[in-house]
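Please treat every number below as a calculation from the coordinates, not as lab data. Computed from a predicted structure; not experimentally measured. Using ideal geometry, Cβ is built from the backbone for each residue, glycine included, and neighbour counts are taken over all protein chains shown.
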Amino acid sequence: MMPNRLIVDRLVKHFHRKQPYPQNIQLTSLQKIRHRLRRKKEVIKAVDNVSFQVAMGEIYGILGANGSGKSTLIRLISTLLLPDSGQISFFGYDVVNDSFKFRQMINRVSVEASFFKRLSSEENLIHSARLYGLSARDAREKAEKILVRLGFDSTRMDEMMEDLSRGMQQKIAIARALLTSPILLLLDEPTTGLDPKSKRDVQRFISEIREDHDVVVLLTTHDMVEAETLCDHISIIDNGKFIATGTPKELIAQISTQGDKVTLEDVFIELTGKDLTEDVE
Ligand SMILES: Nc1ncnc2c1ncn2[C@@H]1O[C@H](COP(=O)(O)OP(=O)(O)OP(=O)(O)O)[C@@H](O)[C@H]1O
Ligand SMILES: [Mg+2]
């Protein structure tokens, strides 16, 4: 029987970056050449031996500070990057060997979503839906239903994408990803930068997605409350490594209390030594 779950096994992705010139000193051309020849390659362990599994119907959260490796992990699962080593499989399909099949099952939403900026959101949505074989009529109907649930004013569907606010564009990106009913939905910071109401709309929508159809939802966030309320399981990522995994309750139970109520934020600070509220945006 095919395992109906996402399996990530000992995944590794390193980037190699040349050390930049020292910024505070003026270098002569000769010094620059010398520096270039001598400068060492720096290895960035963006994803460093990460393993986890997500069962069908689950919402799994990856919680981490800026630069901890969240987007790299999502890009690896969405076939946009090739792993150095390790495996990713879903329904028995391998992300590298069966990438075509993989792409049919997944969809990704990220803050840098690309659109035809001078076309309307409706045209953008219909265009994407047609690539997946949906008729324009079905696409429009389905998109409207999703957008209403996301709190998007559907009378603005004929405005050019570039005239919509970032939050509105984010909602269109989410609607686009859901048009094709993906069974693996990758959400890279779906609520970052949204106003409180839009944030709640999107969070409510995410928690309801699994009521419509079978789906695995993997989302990244630096919002503790979001992780705690939306996710069935959470992993905390720090410098490319998973340093803790569990249900929100299990993670909170890891920290000893002296009477005070422990929050996920306390867990995060204790484990990573970082305060997420400082580095967000
Ligand atoms: N294409 C790339 N080339 C070189 N380094 C990269 C590349 N992509 C990411 N990195 C580095 O890998 C590390 C992890 O980056 P990543 O974008 O995955 O972090 P993140 O957790 O998504 O951060 P944020 O919360 O800011 O979105 C960072 O040090 C980043 O500079
Ligand atoms: Mg990121």
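Descriptive notes on the structure:
- Distance histogram for segment 89-145 (every C-alpha pair counted, 10 angstrom bins, percent rounded to whole numbers): 20, 39, 31, 10, 0
- A Cβ-based charge dipole, computed about the Cα centre of segment 196-242 with Lys and Arg at +1 and Asp and Glu at -1, lands at about 200 debye.
- Taking other C-beta atoms within 10 Å as the exposure proxy, 172, 243 rank 243, 172 from fewest upward.
- Ordering 32, 274 by the number of other Cβ atoms within 10 Å of each residue's own Cβ, fewest first, gives 32, 274.
- For the chain, the relative contact order works out to 25 percent when only alpha carbon pairs closer than 8 Å and six or more residues apart are counted.
- Partner aspartates and glutamates for residue 197 [C-alpha distance under 14 Å; skip if fewer than 8 residues away on the same chain]: 153, 226
- Calculated from backbone phi, Karplus (6.51, -1.76, 1.60) coupling profile of segment 5-17 in Hz, x at Gly/Pro: 8, 8, 10, 10, 10, 6, 6, 10, 9, 10, 10, 10, 10
- Sorting 127, 213 by the number of Cβ atoms found within 10 Å of their own Cβ, with the fewest placed first, yields 213, 127.
- Between segment 37-70 and segment 191-270, the alpha-carbon centres lie 16 Å apart.
- For the chain, built as a Gaussian network whose Cα springs stay under 10 Å, the top-fluctuating residue of 228, 112, 123: 112
- Amide H partners (placed H, <5 Å) of residue 64, local residues excluded: 221, 237
- The fraction of all Cα pairs in the chain landing in successive 10 Å bins from 0 to the largest distance is 6, 25, 31, 23, 11, 4, 0, given as whole percents.
- Value of Rg to Rh for segment 171-225 (Rh from inverse mean 1/r over Cα pairs, i.e. Kirkwood): 0.93
- Selected from 214, 260, 238 as most flexible by GNM, with the chain as the system and alpha-carbon contacts under 10 Å: 260
- Based on alpha carbons, the Rg and Dmax found for segment 182-281 are 14.3, 45 Å.
- Altogether, the Stokes-Einstein calculation at 37 °C and 0.692 mPa s, with the Kirkwood radius of segment 138-177 over Cα pairs as Rh, returns a diffusion coefficient of 325 µm²/s.
- Just checking the listed ones, 136, 227, 65: in the Gaussian network model of the chain with Cα springs under 10 Å, the one fluctuating most is 136.
- Counting DSSP beta bridges with both ends in the chain, the antiparallel % (nearest 5): 55
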